[in-house]
Amino acid sequence: MSSLLVENGTVVTLGPHPRVLNRHDVRCEDGRVTRIAPHGDPESHGTRTINASGKVVLPGLINAHTHLYSTLVRGLAKAAPSATFREVLEHLWWRLDRQLTQEDCRVSAEVALIEAIRHGTTTLVDHQASPTAVRGSLDVIADAVARVGVRACLCYEVSDRDGVEVARAGIAENAAFVGRCRSGRDERLRAMFGLHAAFTLSDATLERAAAAGRDLGAGFHVHVAEAASDEEHSVREHGMRVVERLHRFGILGPGSIAAHCVHVDGHEMERLAETRTAVVHNPQSNMNNAVGVADVPAMLAKGVLVGLGTDAMTTDMLEELRAALFVRHLAARDPSAGFLETASLLTAGNAAIVERLWPGLGLGELREGGAADLAVFDYDPPTPFDDTTVLGHLVFGLSQASVDATIVGGKVLMADGRIELDLDEAEIAARARERAKALWERF
Ligand SMILES: [Zn+2]
């Protein structure tokens with residue numbers, strides 16, 4: 001049996017109570033961490049060794065909300081200026097996603113997933129949109145995920161914005177992919193039932209999607225109250241706020257994810273807590289779209305499980321964590337506000353969210369018996385590095401360091417900064433540029 005030893009690193013466990021273990025070896029066998037022991041322990045050996053001396057070993061990082069389809073938009077300057085969030089969608093995203101072919105989605109995902117490996121992100125919760133190429137699109141993304149070797153939970157965003165036929169195709173795509181995942185093709189893949197957002201979903205479509213998801217026992221992944229206009233639309237058209245409307249259709253629950261929740265009120269937070277729906281905070285996206293700042297402290301105070309995602313603004317979770325902290329300070333006009341709480345979105349919130357998808361793997365925490373998903377950061381701390389300072393280093397130091405090695409399920413995806421996969425990064429980048437050029441011409 002092949003085994004891997006990541007030796008002599010400074011091990012950071014993360015999880016609910018992050019600990020620092022100096023000069024430790026991490027032994028991985030059969031996809032799991034089987035031993036974490038002081039360097040030199042006679043039981044610590046492996047058929048392959050990665051030297052982590054002078055480096056920091058973290059559990060693989062988790063991105064709880066992203067869009068792998070969106071890479072090819074980078075640099076596109078053709079969209080008309082937008083004054084509102086609705087215009088951002090109409091001028092850019094909805095125009096773009098209508099033009100996406102499956103091959104565009106494939107290369108877009110490949111680029112984003114390689115970048116994730118380069119930033120130590122090993123688990124991603126994705127939300128796919130390609131309205132003129134719905135059927136089979138999740139298989140295309142799943143192929144890219146399998147090729148790159150990370151873990152991902154996929155869904156297709158059902159919406160009425162492109163007509164009822166596309167909405168039905170989205171429901172069918174979710175149902176088919178949930179079924180395929182259940183048949184256990186790949187342990188690294190999971191499925192949810194995707195919905196765009198309440199304001200692009202009619203009652204009839206919500207009813208159909210809810211029934212299909214319920215029959216499959218799938219959790220839902222939906223954008224909630226990202227902009228104030230989502231709430232205004234819901235109250236105007238349906239006589240109730242967004243969370244209440246989703247609740248009436250049975251969309252909320254411990255298997256479901258509500259992304260953003262920037263404009264939910266206190267009652268909606270209570271509903272999210274009571275139904276144990278997870279919320280994912282995406283601060284960089286919210287700042288970029290100027291939609292507001294989610295009241296994460298209030299949600300946590302009401303007992304809502306809150307995690308951290310990038311909404312495809314980056315694949316670097318430590319960059320997102322910094323942004324989460326800075327926007328929290330700015331929103332509170334308090335430079336000391338919520339440091340531990342904000343860090344916990346990444347260290348504990350995301351781990352709890354993906355535990356619901358991969359129960360028993362202990363993703364997001366480095367511990368014996370947990371999944372062998374690791375990231376080795378090229379970071380030799382210049383100041384004291386221990387249990388009391390590690391979160392400060394995460395935000396202000398490790399976030400600025402490069403990742404040397406990334407490992408998923410004991411398999412080395414990158415070592416010494418070199419991707420070790422059977423794929424050609426330069427060829428993928430060239431293909432992405434070609435596809436982007438053609439896509440931009442159709443835009
Ligand atoms: Zn999103």
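Here are some notes:
- ASN350 meets each of the listed conditions (1) more than 15 Å from ALA278 (Cβ to Cβ); (2) assigned to a helix (DSSP H, G or I); (3) within 16 Å of the ligand (Cβ to nearest atom); (4) not hydroxyl-bearing (Ser, Thr, Tyr) apart from (1).
- Matching residues, the range 60-89, being within 16 Å of the ligand (Cβ to nearest atom) and of a type in the set (S, T, N, Q): ASN63, THR66, SER70, THR71
- Residues of the range 216-231 that are part of a strand (DSSP E or B) and away from the ligand (no atom under 12 Å from the Cβ): PHE220 alone.
- Any hit, the range 87-95, residues being basic (Lys, Arg) and either at positive phi or touching a strand residue (DSSP E or B) at 6+ places or on another chain (Cβ under 9 Å) (or both): no
- Selection within the range 320-340 - more than 16 Å from the ligand (Cβ to nearest atom) and in contact with a helix residue (DSSP H, G or I) (Cβ under 6 Å, 6 or more places away or on another chain): LEU321, ARG322, LEU325, VAL327, ARG328, PRO335, ALA337, GLY338
- Filtering the range 203-241 to residues that are in contact with a strand residue (DSSP E or B) (Cβ under 9 Å, 6 or more places away or on another chain), of a type in the set (D, E, K, R) and closer than 15 Å to GLY170 by Cα leaves only ARG208.
- Every pair of residues 6+ apart whose Cβ atoms lie under 7 Å, when the first sits in the range 371-399 and is at negative phi and buried (at least 16 other Cβ atoms within 10 Å of the Cβ) while the second is of a type in the set (Lys, Arg) and at pLDDT 95 or above: ALA371/ARG32; ALA372/ARG32; VAL376/LYS55; PHE377/LYS55; ASP378/LYS55; TYR379/LYS55; VAL395/ARG322; SER399/ARG322
- Subset of the range 181-215 [at pLDDT below 95 and surrounded by 16 or more Cβ atoms within 10 Å (Cβ to Cβ)]: CYS181
- Output for the range 140-165, where each listed residue is of a type outside the set (A, V, I, L, M) and farther than 15 Å from VAL125 by Cβ: ASP143, ARG147, GLY149, SER159, ASP160, ARG161, ASP162, GLY163, GLU165
- Residue that is surrounded by the fewest Cβ atoms within 10 Å (Cβ to Cβ), among those in the range 117-136 that are of a type in the set (Gly, Ala, Ser) and more than 16 Å from the ligand (Cβ to nearest atom): GLY136
- Test result for GLY250, surrounded by fewer than 18 Cβ atoms within 10 Å (Cβ to Cβ), within 16 Å of the ligand (Cβ to nearest atom) and part of a loop (DSSP other than H, G, I, E, B): no
- Residue in the range 72-86 that is touching a strand residue (DSSP E or B) at 6+ places or on another chain (Cβ under 8 Å) and assigned by TED's automatic domain parsing to the domain that holds ASN288 present: no
- When the range 2-33 is filtered for residues that are among the hydroxyl-bearing types (Ser, Thr, Tyr) and either more than 14 Å from ASP373 (Cβ to Cβ) or at pLDDT below 95 (or both), the ones remaining, listed by number, are SER2, SER3, THR10.
- Here the range 282-319 is the region considered, the condition is being part of a helix (DSSP H, G or I) and within 13 Å of the ligand (Cβ to nearest atom), and the residue that is nearest to ALA228 (Cα to Cα) is ASN286.
- Positions within the range 1-57 being touching a helix residue (DSSP H, G or I) at 6+ places or on another chain (Cβ under 8 Å) and surrounded by 22 or more Cβ atoms within 10 Å (Cβ to Cβ), in sequence order: VAL12, LEU14, VAL56
- Filter pass, VAL111 being part of a helix (DSSP H, G or I) and either surrounded by 19 or more Cβ atoms within 10 Å (Cβ to Cβ) or more than 16 Å from the ligand (Cβ to nearest atom) (or both): yes
- Some residue of the range 326-334 being closer than 20 Å to THR121 by Cα and either of a type outside the set (A, V, I, L, M, F, W, C) or modelled with pLDDT of 95 or more (or both): no
- Residue check, ILE171 under 26 Å from LEU346 (Cα atoms) and assigned to a helix (DSSP H, G or I): no
The values are calculated or read from the model by the stated rules, or taken from the named source; none is laboratory data. On a predicted model such as this, the values are computed, not experimentally measured, just so you know. Counting neighbours? That spans all protein chains shown, and the Cβs are built from the backbone with ideal geometry, glycine included.
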